[in-house]
1. When Cα Rg over 2.2 N^0.38 Å is calculated directly from the model, which label among [x] 1.37; [y] 1.18; [z] 2.17 fits?
2. Along the charge dipole of the chain, which of ALA18, ILE35, ALA8 sits closest to the positive end, that is, farthest toward it, with unit charges on the beta carbon of Lys, Arg, Asp and Glu (+1, +1, -1, -1)?
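Since every read-out is calculated from the coordinates, none of them should be taken as a lab result. Just so we're clear, the structure is a prediction, and the values are computed from it rather than from any experiment. Here the Cβ is made from the backbone with ideal geometry for all residues, glycine too, and neighbour counts use every protein chain on show.
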Amino acid sequence: MEITTGLALLLAFFAGFAYFARRFMGDLYLERAIILGPLTGLIMGDLETG
């Protein structure tokens with residue numbers, strides 16, 4: 001799978017959002033691997049691997 005610039009920016013946005021969500025909205029556990037892993041897989045088009 002080819003990672004484009006847009007895909008990399010989208011993944012960076014979600015990672016940054018997970019960080020800021022914990023920092024400013026309390027502990028929502030968005031930065032945990034069990035949550036962020038499937039979201040990453042969904043964005044990249046391979047949910048099983050994510």
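1. Correct label is [y].
2. The residue sitting farthest along the positive end of the dipole is ALA18.
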